[in-house]
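Right, one structure below, let's go through it.
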Amino acid sequence: MNADKTYIAFNNIHKHYNRRPILMGASMELKGGVCKLLTGPNGSGKSTLLQICAGLEKPDQGELSLGVGMIPWKRCRRSLLEKIVYLHQHPYMFEGSVIKNLAYALPGDITYKERLRRIEKGLEWAGLTPIANTRAKSLSGGEKQRVALARAWLRNPAVLLLDEPTASMDQVARQRTLDLIKRLKQDGIALLIASHDPMHFINETDQCLVLKQGVIHEESPSDWNLHNITPIQRDQEINYGAS
Amino acid sequence: MESLISTTLSAIALLLKADPDLWNIIAISFQVSGFALFIAAPPALLTAFFLAYGRFPGRRMLISIFSTLLSVPAVVVGLTFYLLLSRQGPLGDLKLLFTQWAMIIGQIALCFPILVSMGHSSLQAADKRAWETARTLGARPLGALMTVMYEVRFGLFAALLAGFGRIIAEVGASMMLGGNILNYTRNIPTAIALETSKGEFIQGIALGLVLIFMAFGLNILLHHVQGKGEVAS
């Protein structure tokens, strides 16, 4: 898969929960090697949008383009599941060791030797070698996130969707996670990071998307840098710079 | 009290003596119930999975129906299948009545709702992220299903044990559908009922002990596979 040539556009995504509208025509584009930041207040529908993009949640309505023309979401679900990996805010670890968790992301038709080689590569990539045989469920939040990123990297996706990837992490764990995200971007993977605390990702971000009242508005990260203020803070009329 | 102790000791002696009739009854019981569980488990667990993860009209009604079926007495299940399998019944031509197959059918009907209800409870309690993570990492629906089932394997194992416990100890359906024929359809509960009615308590107690030891053994096995039985740290 040539991730650099990745292009996926989602158009007019609608979603209701219990008759409450969550998404009302959200649209966006994802490109290989480009990192986009999706922000918005809690409950604005960021996770729902990410899950719809990953093919895990059905929209009420919506279409997407994988390069040529718009196709209804329903007809592309399998493609989405093949091309896109979604990472939960608190990644789920399967029962077993870190090695077993990494092995889950590998295709079934490779040799045992190749399997071992790729697992070793994944462990090294995320700095997980010292805890390779540890039970994954017993790891700390930061370590779990690194296992999840290594799993995603081994899957070689065109697009990676990250839901609050550094939530409730200390400074060290956050920095290690950010380093891995940076390397994923360098590998040419299209990244979409959902966060309600976007300042952590500002250095990696090429474009900011603000999800407001079910619709996405595009913004430039340079504006945020300039004023040192996030869209949520701005909306709440908190002058971050003055405090 | 003395009589109870002496009868129990005689029952243990009978078990240890390897009485062929007695052990044949035990073998038939395990064979019939094991086979019934083996046939019922895959579709029941699949049904449980669809009830837990599927979103379709009538799902809640189906869950209620399976929960209701849990409390249907074995004798009613036996009567229903007796009517279906008897010569005048719609399935009379199959000539299954008073065969081990008839007992297996009855026992499948008895353990199916248990497997579905308990399986559903376990799968419903499973972390939704397990399914989503498996799918996003490339697992096909069947592969993701197996992953989720592995994640809740202890609950599913408990469901299998409960189902097996229910059918190996039931008397009503086996008696009506199997006919209690020696060396063919006589199993532990029907033999206990017969021997007790004849006043032959020794064999009844011996067979009862087998059921108690089996229940004890299965529970030890369950605790063993579950771990230490403590809250995970």
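Starting from 0.36 nm per residue, how many nanometres of slack lie between residue A:60 and residue A:42 once their C-alpha separation is accounted for?
Gain in length upon complete extension: 4.3 nm.
Karplus-derived 3J(HN,Hα) values for the stretch A:52-61, using 6.51 cos²θ - 1.76 cosθ + 1.60 with θ = phi - 60°, are 5, 5, 7, x, 8, 10, 8, x, 6, 7 Hz; glycine and proline are entered as x.
Hey, got the average number of other protein chain Cβ atoms within 10 angstrom for residues in B:125-137? Walk me through the numbers before you get to the answer.
Working: counts 0, 0, 4, 3, 6, 4, 2, 7, 14, 3, 5, 19, 14.
Mean partner-chain Cβ count within 10 Å for B:125-137: 6.
Mean partner shielding of peptide A:90-102, defined as the number of other chain Cβ atoms within 10 Å of each residue Cβ, is 3. The distance from the alpha carbon centre of the stretch A:66-125 to that of the stretch B:9-47 is 44 Å, rounded to a whole number. Look at the Cα gyration tensor of the protein assembly as shown: its axes a ≥ b ≥ c give a/c of at least 1.5 with a/b over b/c, and that counts as prolate.
Projecting the Cα atoms of B:210, B:148, B:24 onto the charge dipole of chain B (Cβ charges, centred on the Cα centre) puts B:148 farthest toward the positive pole. Can you tell me which of B:94, B:211, B:85 moves the most in a GNM of chain B? Springs connect C-alpha atoms under 10 Å apart. Most flexible of the set in this elastic network: B:94. Residues whose amide H falls under 5 Å from that of residue A:61, counting only those 5 or more places apart or on a different chain, are A:14, with hydrogens built in the peptide plane. Excluding the site residues themselves, the longest part of chain B lacking any trypsin sites (Lys or Arg not before Pro) in a DSSP loop with at most 16 other Cβ atoms within 10 Å is B:96-197. Computed on the stretch A:58-157, with alpha-carbon pairs under 8 angstrom and 6+ residues apart, the relative contact order is 34 percent.
Among the chymotrypsin sites (Phe, Trp or Tyr not before Pro) in the stretch B:1-82, none sits in a DSSP loop with a Cβ that has at most 10 other Cβ atoms within 10 Å. Extent of the stretch B:44-203 along its three principal axes (Cα atoms, max minus min coordinate, largest first): 62, 39, 25 Å. Over the stretch B:26-137, calculate the relative contact order: mean separation of alpha carbon pairs under 8 Å at least 6 apart, over the residue count, as a percent. 44 percent. Pairs of Cα atoms nearer than 8 Å and 6+ residues apart set the relative contact order; for the stretch A:52-116 it is 24 percent. Note on residue B:27 and residue A:77: with the Förster distance fixed at 60 Å, the Cβ-Cβ geometry gives a FRET efficiency of about 0.75.
Size of the dipole of chain B about the Cα centre, Lys and Arg at +1 and Asp and Glu at -1 on the beta carbon, nothing else charged, in debye to 20?
Numbers: 15 positive and 11 negative charges, 180 e Å.
Magnitude of the dipole: close to 860 debye.
Assigning unit charges at the beta carbon (Lys, Arg +1; Asp, Glu -1) and nothing else, what dipole magnitude in debye, to the nearest 20, does the protein assembly as shown show about its Cα centre?
On the way: 47 positive and 36 negative charges, 161 e Å.
Dipole about the Cα centre, nearest 20: 780 debye.
Hey, what D do you get for chain A in µm²/s if you plug the Kirkwood alpha-carbon radius into Stokes-Einstein at 37 °C and 0.692 mPa s?
On the way: Rh = 18.6 Å.
Once the numbers are plugged in, D ends up at 176 µm²/s.
Rounded, prolate or oblate, given the Cα gyration tensor of the stretch A:88-168, with a/c below 1.5 counting as rounded?
Values: a/c = 1.93, a/b = 1.33, b/c = 1.46.
Note, shape of the stretch A:88-168 comes out oblate.
Rounded to the nearest 500, the helix-only mean residue ellipticity at 222 nm of the protein assembly as shown stands at -17500 deg cm²/dmol, with each DSSP H run of n ≥ 4 adding -39,500 (n - 2.57). Work from the charge dipole of the protein assembly as shown (Cβ charges, +1 for Lys and Arg, -1 for Asp and Glu, about the Cα centre) and give the residue of B:40, A:160, B:171 farthest towards its positive end. Looking along the dipole axis, the top candidate is A:160.
Coordinate-derived values only; no laboratory data. Keep in mind it's a predicted model, so treat the numbers as computed, not measured. No Cβ is skipped: glycine too gets one built from the backbone with ideal geometry, and neighbour counts run over all protein chains shown.
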